[in-house]
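Colleague: Handing you this structure, nothing more for now.
What follows is calculated from the coordinates using simple rules that are stated; it is not laboratory data. Values in this document were obtained by computation on a predicted structure and should not be read as measured data. FYI the Cβ positions are ideal-geometry reconstructions off the backbone, even for glycines, and counts take in every protein chain you see.
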Amino acid sequence: MTTEKTAIITGASSGIGEATAKELAARGYSILLAARREERLKELKEEIEAAGGKADYQVTDVTSADEMKALADRAIEKYGKIDILVNNAGLMPLSFMNKLKVDEWDRMVDVNIKGVLYGIAAVLPIMEKQKFGHILNVSSVAGHTISKGSAVYSGTKFAVRAISEGLRMEIDPSHEIRVTIVSPGAVATELTNTITDDDVLNAFKEGGQMELLNAQDIANAIAYAVEQPAHVDVNEILIRPRQQP
Ligand code: NDP
């Protein structure tokens, strides 16, 4: 078993997941990167290694409970333990409900909610056996507030917060297992590429300019939560651009 801390990060092929992988690797964690786009994961692994860090990847679709279990098994096979799981993979095809983009609703439920549940199912038995671990679930400011076009996305992110809080309360108090909700406001990533509703896209454009967070801002927040002493559980980090209402 490695003496270094180990982290599994889903959605590591871009944005917040990628920045978090680099940040934790720079802090000495061995990282197992997961997402669907293999080329991006391979490049990131090489980039982390070139900077002196340790990383590997496994192509994983978080909507498959079997693939998530295989990911956790791979981490155990490679590192012998799992210190951290960052359930970060997500998508945000915002739309007005009367557009009936039912396929997009399904995908959001599958990735944003079921993906998080499958991540928990994959690592919880391992962490309970280890008696330590840290699960960080990425929700959103949209998990606190609802706006026109965000009904389903917000629904999934409210669910992530409910699931995380329920899990945190159920952890055996004698175990050093922590649960943290990470709730970012607007971050400059590829996330808005999944929006297909022109009305929502136009509303975005009319929404005015503000300086967005960058993925590194969220990586810094995640690093803060994971590096607290074992008796401290940062329950939630809610982090907005200064100018976001
Ligand atoms: P990106 O679009 O840059 O990243 C999304 C990541 O999720 C990608 O790595 C993508 O990888 C992965 N992903 C999507 N579907 C799947 C799947 N089925 N299986 C595995 N991985 C998948 O966006 P962000 O970095 O912004 O998003 C990360 C998280 O942050 C999301 O949960 C998002 O909801 C949340 N968030 C983002 C905010 C923002 O403003 N950007 C604000 C609040 C929350 P691949 O396509 O290779 O599988």
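Colleague: For region 202-245, just say rounded, prolate or oblate: build the C-alpha gyration tensor, square-root its eigenvalues into a ≥ b ≥ c, call rounded for a/c under 1.5, and beyond that prolate if a/b exceeds b/c, oblate if not.
Modeller: Verdict is prolate for region 202-245.
Colleague: Still on this structure, please answer the following. Angle between the Cα long axis of helix 115-130 and the longest principal axis of the chain, 0 to 90 degrees, nearest 10?
Modeller: 20
Colleague: Next up: Amide H to amide H, which residues 5 or more places from Thr180 or on other chains are under 5 Å from it, using H placed in the peptide plane?
Modeller: Here the answer is Ile135, Leu136, Asn137, since their amide H atoms fall under 5 Å of that of Thr180.
Colleague: Please label the shape of region 34-182 as rounded, prolate or oblate, based on the square roots a ≥ b ≥ c of the eigenvalues of the alpha-carbon gyration tensor (a/c under 1.5 means rounded; beyond that, a/b larger than b/c means prolate, else oblate).
Modeller: oblate
Colleague: Further question: Using label points projected 7 Å from each Cα along Cα→Cβ, tell me how many nm separate Ile76 and Val102, to one decimal.
Modeller: For the pair Ile76/Val102, the computed spacing is 3.9 nm.
Colleague: Explain nothing, just compute: Karplus ³J(HN,Hα) = 6.51 cos²θ - 1.76 cosθ + 1.60, θ = phi - 60°, for every residue of region 231-244 in order, whole Hz, x for Gly and Pro.
Modeller: 7, 9, 10, 6, 5, 8, 10, 10, 9, 10, x, 3, 8, 7
Colleague: Just Gly80, Gly11, Gly155 to compare: in a GNM of the chain, with alpha carbon springs under 10 Å, which one fluctuates most?
Modeller: Gly80
Colleague: Need the list of aspartates and glutamates near Lys54 for cross-linking: C-alpha distance under 16 angstrom, and skip anything on the same chain fewer than eight residues off.
Modeller: Output for Lys54: Glu4, Glu18, Glu23, Glu43, Glu46, Glu77, Asp83.
Colleague: Viscosity 1.306 mPa s, temperature 10 °C: what is the translational diffusion coefficient of region 171-245 from Stokes-Einstein with a Kirkwood Rh over Cα pairs, rounded to a whole number of µm²/s?
Modeller: So the translational diffusion coefficient is about 107 µm²/s.
Colleague: Out of the DSSP beta bridges found with both residues in region 90-245, what percent are antiparallel (nearest 5)?
Modeller: Counting DSSP beta bridges with both partners in region 90-245, the antiparallel share is about 0 percent.
Colleague: Suppose every K and R has +1 on its Cβ and every D and E has -1 on its Cβ; what is the size of the dipole of the chain about the Cα centre, in Debye to the nearest 20?
Modeller: The calculation lands at about 300 debye.
Colleague: At 0.36 nm per residue, and after removing the present C-alpha to C-alpha distance, how many nm does the segment from Ser64 to Leu212 gain when stretched out fully?
Modeller: Result: 50.1 nm gained on full extension.
Colleague: Additional query: What is the gain in length, in nm to one decimal, between Ala162 and Arg37 on full extension, counting 0.36 nm per residue of separation less the C-alpha to C-alpha distance?
Modeller: 42.1 nm
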